[in-house]
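Here is the structure we will look at.
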Amino acid sequence: MSIRKRPSKSGYVWEFCITIQKRPRKQYRKGGFKTKLEAQKAEAIALNKFCAGQNLKAEETDFIVIADKLLEHTQKTKASATYRNYKNSMKHLEYFHYMKIKDINSLIIENWIIKSDKTNSTIRECIKFGKAVFNYAIKHRLTNYNPFKYVDVPKTEKPKHIRLLIPEAKEMLELCRDIYNDFYPILTLAIFTGMREGEILGLKWKDIDFKNGLAEVQRQFTNNELKTMLKTSSSYRKVDLSNKVMNVLKDHKRNCKILSEFVFTNQAGNLHNSRNLMNRRFKKLLEIMFKDKNYMRFHDLRGTYVDILLSKGVPLKYIQKQLGHANFLTTMNSYSELIRDVNDHAVNVLDEVLKEIG
């Protein structure tokens with residue numbers, strides 16, 4: 001370790017030098033300090049980081065270098081949707097690309113947010129990606145500080161998702177069976193299993209266990225791409241099928257003109273274009289029933305499924321497993337309104353019982 005004064009264009013500056021390896025000799029040198037005291041303080045900070053096992057030279061790395069490494073890692077280990085979201089956020093964070101990670105702090109990030117013309121939802125996604133980049137750097141001991149963690153995230157209005165009430169679900173199923181019989185099994189699975197659109201369209205006949213009444217979720221078909229990598233490990237699951245659902249699937253199999261390995265295919269025996277399918281079937285049903293083709297999303301049928309189970313007193317833990325949520329809180333947060341309705345009903349029942357006793 002040493003601190004010394006060096007000549008510069010404006011006079012003198014101070015620098016410190018730390019030997020981080022003797023053989024072969026490697027040193028970490030930093031200068032430009034106006035006083036000896038500033039150099040001593042910086043040296044002490046650097047020593048603490050070195051003793052903690054941090055790579056001192058790593059903090060000279062540009063943000064974009066670590067971000068690229070994270071993207072490469074994400075592409076190999078995460079669902080493609082996560083990779084696409086990260087890649088999109090990377091473009092929006094161009095301001096930080098060639099900043100050293102040591103120079104990025106929460107104040108700089110907050111200033112970027114204030115001056116940004118991007119929507120709150122885009123900024124939220126960017127902050128999420130920024131956190132992931134620095135967490136990746138921390139994991140590999142390139143830094144020990146995540147500035148994105150201390151930034152106030154702009155609030156966005158949570159979209160209100162509409163669910164079909166149970167009588168409406170029955171009406172839609174009857175209507176679908178009458179006019180879009182080819183879509184009826186897909187709608188039935190969505191309402192009575194809570195499976196996601198991509199999970200339903202990615203089903204193969206070998207995934208259906210008619211003997212035990214189960215459907216095994218192992219892949220999904222989204223954005224016209226078949227993916228075997230699902231969002232979380234909990235997404236890979238066995239979903240219970242009722243006798244009614246199994247009978248609908250058996251009828252569907254008997255009526256298939258082309259029997260593919262996949263449960264749901266178009267007339268040519270290929271997987272459906274999901275956007276076309278929803279536009280020509282689900283949105284048409286919404287238009288007939290509610291005079292609004294955008295009344296709700298197909299994904300919101302999961303809420304109807306939860307509603308059905310809750311109305312029959314099915315435990316939330318079972319619902320969590322059926323939906324493929326990684327943890328109980330996700331189910332609670334996603335369907336808090338439905339759960340609150342059931343709780344209110346339960347309280348009313350208690351009041352009625354207490355009145356009878358009293």
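Computed from the coordinates by the stated procedures, all read-outs in this text should not be read as laboratory data. Note that the coordinates shown come from a computational prediction; the quantities given were computed from them, not determined experimentally. Every residue, glycine as well, gets a Cβ built from its backbone with ideal geometry; the counts of neighbours run over all protein chains shown.
Hey, any idea what Rg/Rh is for the range 1-146, computing Rh the Kirkwood way over Cα pairs? Can you show the working numbers first?
Details: Rg = 18.4 Å, Rh = 17.3 Å.
Ratio of gyration radius to Kirkwood radius: 1.06.
Quick one: grab Rg to one decimal and Dmax as a whole number for the range 2-53, Cα atoms only, in Å.
In Å, with Rg to one decimal and Dmax whole: 11.9, 36.
Where in the range 76-96 does the label zone of Thr122 land, with the point 7 angstrom along Cα→C-beta and an amide N cut-off under 20 Å?
82-96
Taking the dipole about the Cα centre of the chain, with the C-beta of Lys and Arg at +1 and of Asp and Glu at -1, give me whichever of Leu165, Ile208, Ile3 is farthest to the positive side.
The residue sitting farthest along the positive end of the dipole is Ile3.
Along the range 86-100, what does the Karplus equation 6.51 cos²θ - 1.76 cosθ + 1.60 (θ = phi - 60°) give for ³J(HN,Hα), rounded to whole Hz, x for Gly and Pro?
The phi angles translate into 5, 5, 5, 5, 4, 5, 6, 9, 4, 4, 9, 3, 10, 8, 5 Hz.
Which value, in nm² and rounded to one decimal, describes the direction-averaged projected area of the C-alpha convex hull of the chain? List each step's numbers first, then the result.
Details: hull surface 116.9 nm².
Taking the Cα atoms of the chain, their convex hull projects to 29.2 nm² on average.
Taking a ≥ b ≥ c as the square roots of the eigenvalues of the Cα gyration tensor of the range 108-207, is the shape rounded (a/c under 1.5), prolate (a/b larger than b/c) or oblate? Before the final figure, lay out the partial values.
Numbers: a/c = 4.35, a/b = 2.23, b/c = 1.95.
Since a/c reaches 1.5 and a/b is larger than b/c, the shape of the range 108-207 is classed as prolate.
Given Cβ point charges of +1 (Lys, Arg) and -1 (Asp, Glu) and nothing else, what value in debye, to the nearest 20, does the dipole of the chain about its Cα centre take?
On the way: 65 positive and 39 negative charges, 480 e Å.
For this selection, approximately 2300 debye.
What would the Debye equation give as log₁₀ I(q)/I(0) for the range 122-174 at q = 0.19, 0.21 Å⁻¹, counting only Cα atoms as equal point scatterers?
Once normalised to I(0) and log-transformed, intensities are -0.71, -0.79.
So what's the net charge close to His299: Lys and Arg +1, Asp and Glu -1, counting the other residues with Cβ under 9 Å from its Cβ?
On the way: positive: Arg196, Arg297, Arg302; negative: Glu197, Asp300.
Its environment carries a net charge of +1.
Beyond 19 Å, how much of the Cα-Cα pair distribution for the range 270-323 remains, as a whole percent? Mind showing how you got there, number by number?
Working: 651 of 1431 pairs.
In whole percent, the share of Cα-Cα pairs in the range 270-323 beyond 19 Å is 45.
Can you compute the label reach from Leu226? Point 7 Å from Cα along the Cβ direction, backbone N cut-off under 13 Å, restricted to the range 261-288.
Only 261-266, 269-272 fall inside the zone, counting backbone N under 13 Å.
By how many degrees, between 0 and 90 and to the nearest 10, does the Cα long axis of helix 36-51 differ from the longest principal axis of the chain?
Rounded to the nearest ten degrees, it is 50.
Could you work out how much longer the chain between Asp251 and Ser2 gets when fully extended? Use 0.36 nm per residue separation minus the Cα distance between them, nm to one decimal.
Working: separation 249, 0.36 × 249 = 89.64 nm, distance 8.24 nm.
So the chain would gain 81.4 nm between Asp251 and Ser2.
Once every DSSP H run of n ≥ 4 in the chain is given -39500 (n - 2.57) and the sum is divided by its residues, what mean residue ellipticity at 222 nm do you get, rounded to the nearest 500 deg cm²/dmol?
Numbers: 15 runs with 176 residues, N = 358.
Result for the chain, helices only: -15000 deg cm²/dmol.
From the cross-link list Lys69/Lys128; Lys170/Lys244; Lys231/Lys283; Lys100/Lys149; Lys211/Lys253; Lys155/Lys283, which pairs have alpha carbons spaced over 19 Å apart? Please list the in-between numbers first.
Working: Lys69/Lys128 16 Å; Lys170/Lys244 13 Å; Lys231/Lys283 26 Å; Lys100/Lys149 17 Å; Lys211/Lys253 15 Å; Lys155/Lys283 30 Å.
Lys231/Lys283; Lys155/Lys283, as the Cα separations exceed 19 Å there.
Find the Cα radius of gyration of the range 63-150, compare it with 2.2 N^0.38 Å by division, and give the number to two decimals.
Working: Rg = 12.3 Å, N = 88, 2.2 N^0.38 = 12.1 Å.
In units of the globular-protein estimate, the range 63-150 measures up at 1.02.
log10 I(q)/I(0), Debye, Cα-only the range 166-299, no solvent, q = 0.17, 0.18 Å⁻¹?
-0.94, -1.06
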